[in-house]
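I have placed the structure first, in the form of structure tokens, so that the comments after it can refer back to it.
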Amino acid sequence: MIFRIAVVLYFSWFGLCCLTPLVAKSVFNIGNGTGLSVSVLMILYMIFMPKVNAFIVGLWQKKAGRTILSVLGVLCILGILVAGGITVCMIKACHNKPAGSETAVVLGCRVFEEGPSLMLLARLEAAYEYLEKNPGAKCIVSGGQGSDEPISEAECMYNWLVDKGIDNDRIYMEDRSTSTRENLQFSMEIAQREGLNKNFAIASNGFHCYRAGMIGRSLNISTASIPGKTPGWLLPTYYLRELYGVIYEWIV
């Protein structure tokens with residue numbers, strides 16, 4: 001009983017973390033959708049465990065039932081292993097530190113009327129720290145303007161960094177991109193045109209650095225990571241979404 005209560009409490013907390021972005025910022029994606037679904041299923045299972053277990057035992061007695069349960073079991077184990085492997089890769093990518101001369105590329109994220117979103121702010125703070133420590137490094141801020149954004153993500157990032165004291169002649173704007181792949185592809189075009197270092201130090205949220213590096217390698221771009229800290233209440237939603245993103249990149 002204590003175990004069941006502990007599991008219910010944990011998944012109640014986890015579900016709340018996935019629900020908070022939806023309530024606070026109207027953020028709903030495959031990440032918090034998955035988190036909410038898993039949380040509800042686990043809570044219901046803990047509440048009705050005896051009945052569910054009895055149903056599973058009954059199903060196992062039938063040949064078709066054993067096949068279904070075996071397939072589901074294999075898929076669950078495979079999912080856990082894949083998620084664990086991706087998580088290890090994410091952690092390792094965060095430790096792929098730049099030497100200090102690389103061109104910082106800040107990947108775009110949502111912009112609101114009041115300024116950068118929390119996710120984008122984490123990226124900007126990481127980039128700012130890198131540029132302060134490495135005064136010879138240049139920076140490309142990369143991100144277009146969505147239909148629900150007041151200005152382009154690149155312009156928002158440019159203004160934020162200049163306001164923080166970074167010289168504007170160190171910052172180049174790329175304001176056409178709509179994805180991470182375009183962020184890097186269009187930023188490389190600027191680096192080639194302006195004679196910047198073609199090795200990139202990617203400023204993004206820590207969980208995103210691995211996939212960004214994967215995309216960079218597919219474009220023959222050498223990358224290092226400048227990981228930003230993601231607010232804890234947003235991490236479950238975006239971490240889960242990133243798992244799907246990495247799997248998509250693997251397949252594609």
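Here are the numbers:
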| item | result |
| --- | --- |
| Two-site label geometry, LYS92 and TYR10: point separation in nm, points 7 Å out along Cα→Cβ | 2.6 nm |
| Proxy reagent accessibility, fewest Cβ within 10 Å first, across TYR244, TYR239 | TYR244, TYR239 |
| Normalised contact order of segment 2-94, rounded percent, pairs of Cα under 8 Å and 6 or more residues apart | 24 percent |
| Segment 1-54 and segment 128-173: distance between their alpha carbon centers, rounded to Å | 38 Å |
| Ascending count of other beta-carbon atoms within 10 Å, so fewest first, for VAL246, VAL162, VAL141 | VAL162, VAL246, VAL141 |
| Lysines whose Cα lies under 20 Å from that of LYS51, excluding same-chain neighbours fewer than 8 positions away | LYS62 |
| From phi via Karplus (6.51, -1.76, 1.60), per-residue ³J(HN,Hα) for segment 125-133 in Hz, x at Gly/Pro | 5, 5, 5, 4, 4, 5, 5, 5, 6 |
| Qualifying trypsin sites (Lys or Arg not before Pro) for segment 170-245 [loop in DSSP, other Cβ within 10 Å: at most 14] | LYS198, LYS229 |
| Using θ = phi - 60° and Karplus 6.51 cos²θ - 1.76 cosθ + 1.60, couplings along segment 40-54 (whole Hz; Gly, Pro as x) | 4, 4, 5, 5, 5, 5, 5, 5, 10, 3, x, 5, 5, 4, 5 |
| Nearest-20 debye value, segment 103-251 charge dipole, Cβ charges on Lys, Arg, Asp, Glu | 620 debye |
| Fluctuation leader among ALA224, ALA64, ALA191 - the chain, Gaussian network, Cα springs under 10 angstrom | ALA64 |
| Amide H contacts under 5 Å for SER204, placed H, 5+ residues apart | ILE226, GLY228 |
| Bins of 10 Å from zero: percent of alpha-carbon pairs in segment 42-119 | 13, 20, 23, 17, 16, 10, 1 |
| Debye-sum result for the chain in log10 I(q)/I(0), which assumes one identical scatterer on each alpha carbon, at q = 0.10, 0.13 Å⁻¹ | -0.57, -0.84 |
| Calculated from backbone phi, Karplus (6.51, -1.76, 1.60) coupling profile of segment 109-119 in Hz, x at Gly/Pro | 7, 4, 10, 10, 4, 7, x, x, 5, 4, 5 |
| Percentage relative contact order, the chain, counting C-alpha pairs under 8 Å, at least six apart | 24 percent |
| ILE140 long-range amide H proximity, modeled H, under 5 Å | ALA104, VAL105, VAL106, TYR172 |
| Cβ-based exposure ranking for MET1, MET188, MET214, in which fewest neighbours within 10 Å come first | MET1, MET214, MET188 |
| Share of alpha-carbon pairs per 5 Å distance bin for segment 2-94, given as whole % | 2, 12, 12, 17, 21, 17, 10, 5, 3, 0 |
| Unit charges at the beta carbon, dipole of the chain: most positive-side option, GLY108, SER187, MET90 | MET90 |
| Other-chain or far-sequence residues with amide H under 5 Å of ASN96's (modelled H) | SER225 |
| Fluctuation leader among TYR210, TYR45, TYR130 - the chain, Gaussian network, Cα springs under 10 angstrom | TYR45 |
| Dipole magnitude (debye, nearest 20) for the chain, charges at Cβ of Lys, Arg, Asp, Glu | 1560 debye |
| Dipole moment magnitude, nearest 20 debye, segment 180-252 about Cα centre, only Lys, Arg, Asp, Glu C-beta charged | 100 debye |
| Inter-site label distance for LEU22 and ILE47 at 7 Å from Cα along Cβ, in nm | 1.6 nm |
| Selected from MET90, MET46, MET173 as most flexible by GNM, with the chain as the system and alpha-carbon contacts under 10 Å | MET46 |
| Relative contact order (%) - segment 190-245, alpha-carbon pairs under 8 angstrom, separation at least six | 35 percent |
| Spin-label pair ARG66/GLU249, simplified geometry with 7 Å Cα→Cβ offset, distance in nm | 4.2 nm |
| Subset of LYS133/LYS198; LYS25/LYS97; LYS25/LYS133; LYS97/LYS198; LYS164/LYS229 violating a 23 Å alpha-carbon distance limit | LYS25/LYS97; LYS25/LYS133 |
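Laboratory data are not the source of any read-out in this text; all were calculated from the coordinates shown. Remember, predicted model here, so these are calculated numbers, not experimental data. So basically every Cβ, Gly included, is an ideal-geometry build from the backbone, and we count neighbours across all protein chains shown.
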